[in-house]
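Worksheet: the structure to be examined is printed underneath.
The values are calculated or read from the model by the stated rules, or taken from the named source; none is laboratory data. For clarity, every value in this text was computed on a predicted model and none was experimentally measured. Please note: Cβ atoms are built from the backbone with ideal geometry, for glycine as well, and neighbour counts cover all protein chains shown.
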């Protein structure tokens, strides 16, 4: 029995002690209606999706020093973030999160309390998102702490959000501000402290909020094309353009760049907002009529209004999909897609 | 365009080149009836399970030098093995595999061809198992090559195999020989070559065969209790006993120990067969009548007959579940559960 307030080494707790404590944490879930038939403890979890729904499946792996840093975020924040990244992908499909499995590769030098806090961070977000942690795997990974999550959601087949459904004439919009998370990373990298403490930027990096309700409401309002922003606007918008075989015009002056970015980073704010990744806001396209419906629905649910940032256009010439940016001085610039290659850096 | 026969460094191929080539491999699947609505390429995959079925979800992570070795197995074998470990968990639930997602953490020093072969190994087994690889994630993991898979299957709610359903009087049985995989690992560790080349032991380690059809047929024959053997008979049987709150008697002389183990390892053969892990045979319990039905069904499908190795008994006294082993000399021994702790070694 663990005495509250102590932290022990994993080798003293043992694999089975660890698994049993984690099981207690995940079973303290407050979610009752996820359709889970059998949770942690057998060879596989059993889940009964609601009749008539399609299952959305997404997986994302986070690795210490590449996707998070244990000196930048505490265990709960890292747990939150690892799950948020996955739930955000479900949100981007318009799906309602239901079940989650977690594969953890531990170095073996962590304390048991650190691991429990990681799960508590995941559980808190899972609870708020009406999802259950139903299983997983824990392995010894001396080379690097690794968190690999697969999340499952349900979506009505007529309300799916896809990347390949953008239509010429659609408005391009985002559900929230751009660049906050990248601003947070820059503050942490440069070890800068700011006058106001920058809670919004640090929180955007440490505990991003997946836009689950927004995704569901977009699908309900008639939107068919969306994705979540993980590689930055100019890294992700090209993926919609390529999948839908269209081009885009983006209006710089309409980008929702928060003042806190401009105050702290001056002219770099635009770069952070347009190329900085991991905002996990939804990027979507909608006809003007559908966009009005979205505004009305978001108002009814007291959600932040989406921001229109441009429009979908026909492809010109033979060059394939392109982004034309209308700059503040009214010049136009064809923007290099800023997608970011994890092996070529 | 890759010239066949060349192998390139990942940094020359780039993340997007790699993902696009992998997508081509996974889309060459021959499986047509898995219910997949949308595969690789969007924020999440979409899958429609058959009406009335429950979804079984399992996840397992394999890490280089801990769960496989690139100098012991080639890329195709490692891909096969990583998927087999997961499909075996579905088999242990009596579920039919349907969809798979793969999270890959690459060191960055692999060649592109090695990665493609890994996927080809997975695809070949997925094809034979009627499952589709529908998505995944590729990250840069400088510390260790990591393969994390989540597999999804379907099972009729009345035909689920669980760990907590063993009944006093049940026969305990296994679907195949014990110890071959552990024998293969020992040969590789000791760099031993044997006269006969030991193909069965090496294959049991490198390319284990998940007992999918056996699991489905067990459920159909009325079996309710099973698991797959990953931590060895004396490591895994205690999990059934603890979940079902029963004890067991195992008859040493009935353990299906292949001759090749005895030839090569003499008296160690028993240890390898009873405690050696990763055989991925199914361990199940069934009433004598159900066991006869299993024998008949397996005969009809021309599957190897299951081997009865003991029986489920009541718990005696206050010590909780225990395994009593009847030895060849008719002595009895209470066996220490041999479960193996990955953090305490």
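For segment B:296-305, the condition holds for at least one residue, the condition being that it is free of Cβ contacts under 8 Å to residues at least 24 places away in the same chain and in a loop (DSSP other than H, G, I, E, B). Looking at A:173, A:221, A:203, A:182 in this structure, which one is in contact with a helix residue (DSSP H, G or I) (Cβ under 9 Å, 6 or more places away or on another chain) and closer than 18 Å to residue A:79 by Cα? Every option except A:203 fails the conditions. Looking at B:89, B:71, B:137, just one residue is under 23 Å from residue A:37 (Cβ atoms) and either over 19 Å from the mean Cα position of the chain (by Cα) or buried (at least 24 other Cβ atoms within 10 Å of the Cβ) (or both), and that residue is B:89.
Scanning segment B:51-69 for residues that are closer than 19 Å to residue A:63 by Cα, more than 7 Å from every other protein chain (Cβ to nearest Cβ) and in contact with a strand residue (DSSP E or B) (Cβ under 7 Å, 6 or more places away or on another chain) gives a single hit, B:62. The condition (being surrounded by fewer than 24 Cβ atoms within 10 Å (Cβ to Cβ) and more than 15 Å from residue A:20 (Cβ to Cβ)) is satisfied by just one residue among A:117, A:112: A:117. Within segment A:254-269, does at least one residue satisfy the condition of being at pLDDT 95 or above and at positive phi? No, because not a single residue in segment A:254-269 is at pLDDT 95 or above and at positive phi. Filtering segment A:140-153 to residues that are crowded, with 21+ Cβ neighbours inside 10 Å, facing chain B (nearest Cβ under 7 Å) and farther than 16 Å from residue A:55 by Cβ leaves A:141, A:143, A:146, A:148. Could you pull out the residue among A:260, A:223, A:251 that is touching a residue at least 12 places away in the same chain (Cβ under 8 Å) and buried (at least 22 other Cβ atoms within 10 Å of the Cβ)? Step by step, each of A:260, A:223, A:251 is checked, and only A:223 is touching a residue at least 12 places away in the same chain (Cβ under 8 Å) and buried (at least 22 other Cβ atoms within 10 Å of the Cβ). Applying the set (1) in contact with a helix residue (DSSP H, G or I) (Cβ under 6 Å, 6 or more places away or on another chain); (2) more than 7 Å from every other protein chain (Cβ to nearest Cβ) to residue B:109 leaves exactly one unmet item: (1). A single member of B:10, B:46 is surrounded by 15 or more Cβ atoms within 10 Å (Cβ to Cβ), within 14 Å of chain A (Cβ to nearest Cβ) and at pLDDT below 95, and it is B:10. Residue check: is residue A:315 more than 14 Å from every other protein chain (Cβ to nearest Cβ), within 23 Å of residue B:42 (Cβ to Cβ), at pLDDT below 95 and surrounded by fewer than 20 Cβ atoms within 10 Å (Cβ to Cβ)? Yes; evaluated as a whole, the condition is true for this residue.
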